[in-house]
Each structure stands twice: as C-alpha cells, then as structure tokens.
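Following: one structure in structure tokens, then a few remarks.
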Amino acid sequence: MVNIINIIEESKYKSLILLDELGGGTDPVEGAALAKAILITLAENGAKTIATTHYPELKSYAIDGYRVENASSEFDIKSLKPTYRLLIGVPGKSNAFKISSKLGISQDIVDLANTFVNDEDRQIDNITASLEAARQEAENERRKSSKALEEAEKAKSKAEKLLRDAENSYAKALE
C-alpha cells in the first residue's frame, strides 16, 4: 500500500501506471471498493492506468464508468490455454468452474460452488458471456466477409484477364 500511496501522490497527466491485482490480498468487498477509489483518483489526476483484476465490481465499474475500458486476454477453454489475443471492451471471464470440470473435479462440487456465486457476479458473467458470443460471431462474419472479398477480387481479376484476352483476339481478328 505504501507504493500505491506514492504512485497516487506522484501521478499526473501523461503518467502511465500499471497495477497488478489492485486491492488483492485483503477482504474482497473492501479490496474492490478501495481499488475502485484508487482508479477514480488516478483518472482524476489524469494518469493512464492499466490494472488487472478479478473483482466483478471493477469489471462492472468499467462497463458503466467514464474514461474506463474493460479488456481481457482470450482463453481457449477447450485446450485450457490462453490465445494471447487482447480483447478490448470485453471484461475477462472466470473459467474456474469449466476448467475444474475439464480437469476432473466432481460435478457435484462445481454445482455446489455455483450456488455460492452471488447474483451480481452471475449478472457480470452473463454480460461477459453475451459480449464474448457477440464478439465471436462478429469475428466469424469478418472472416467470411474477408474470404468473400478475396474470392470476388480473384473473380474480378480473372474476368478482367478474360476481357483483355477477348479484346486482343478481337483486335487480331480485325487485323
């Protein structure tokens, strides 16, 4: 916390501040509240801040907040490996239950753990899942569009070559 205090005091316009798991290592409710207050203060000081978090309250704040943006690193749940793609505008989703299931933990334990998740956390996970589904759909549509454009450009080139060949044949026939 001493370092955080110094960072806050030294922060100003054009400062770049990197914070890993801000508010971690303490009571989750107080940690999230303190982290949010620190982020607001840094923003008011004009600092550009990148902060990692698992707190749903901070993810929610970034959805509703001014001058705040969520981002996450994409994770492939099938391979249990990160893809290292940065997703701007999409809060990170915890995959603890899915990963635990894939690794073989009893479904009864996962189901029991799921009963302990509060409604706000569940709502943020639903928003995150919805955003991720929309992002994946948009990415698939972009890929299809790129492929269609590439095919159209190839067809156009082929048609232009056929036209040139026909014009050359016509010119030779006229001669």
Only listed residue being part of a helix (DSSP H, G or I) and open to solvent by less than 60 Å² (accessible area, probe 1.4 Å), chosen from 117, 110: 110
Which listed residue is surrounded by fewer than 19 Cβ atoms within 10 Å (Cβ to Cβ) and under 14 Å from the mean Cα position of the chain (by Cα), from 101, 94: 94
Some residue of the range 22-34 being modelled with pLDDT under 90 and either in a helix (DSSP H, G or I) or among the basic types (Lys, Arg) (or both): yes
Residues of the range 58-78 satisfying the condition of being touching a Pro at 6+ places or on another chain (Cβ under 9 Å) and open to solvent by 70 Å² or more (accessible area, probe 1.4 Å): 63, 73, 75
Tabulated pairs, the range 78-107, first in a helix (DSSP H, G or I), second basic (Lys, Arg), C-beta under 8 angstrom, 6+ apart or interchain: none
Condition broken by residue 12, with the remaining ones in (1) surrounded by fewer than 15 Cβ atoms within 10 Å (Cβ to Cβ); (2) under 24 Å from residue 128 (Cα atoms) satisfied: (2)
Within the range 21-40, considering residues that are farther than 16 Å from residue 62 by Cβ and charged (D, E, K, R), the one least open to solvent (accessible area, probe 1.4 Å): 27
Total residues in the range 41-68, condition at pLDDT 90 or above and assigned to a loop (DSSP other than H, G, I, E, B): 4
Check on residue 12, within 18 Å of residue 55 (Cα to Cα), modelled with pLDDT of 90 or more and basic (Lys, Arg): no
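The values are calculated or read from the model by the stated rules, or taken from the named source; none is laboratory data. The structure presented is a predicted model; accordingly, all values stated were derived computationally and were not measured. Here Cβ is always computed from backbone atoms with ideal geometry, including for glycine, and neighbour counts include all displayed protein chains. Side chains are part of the model used for accessible areas, which takes the heavy atoms of the whole protein and leaves out ligands, DNA and RNA. Shrake-Rupley method; radii C 1.70, N 1.55, O 1.52, S 1.80 Å.
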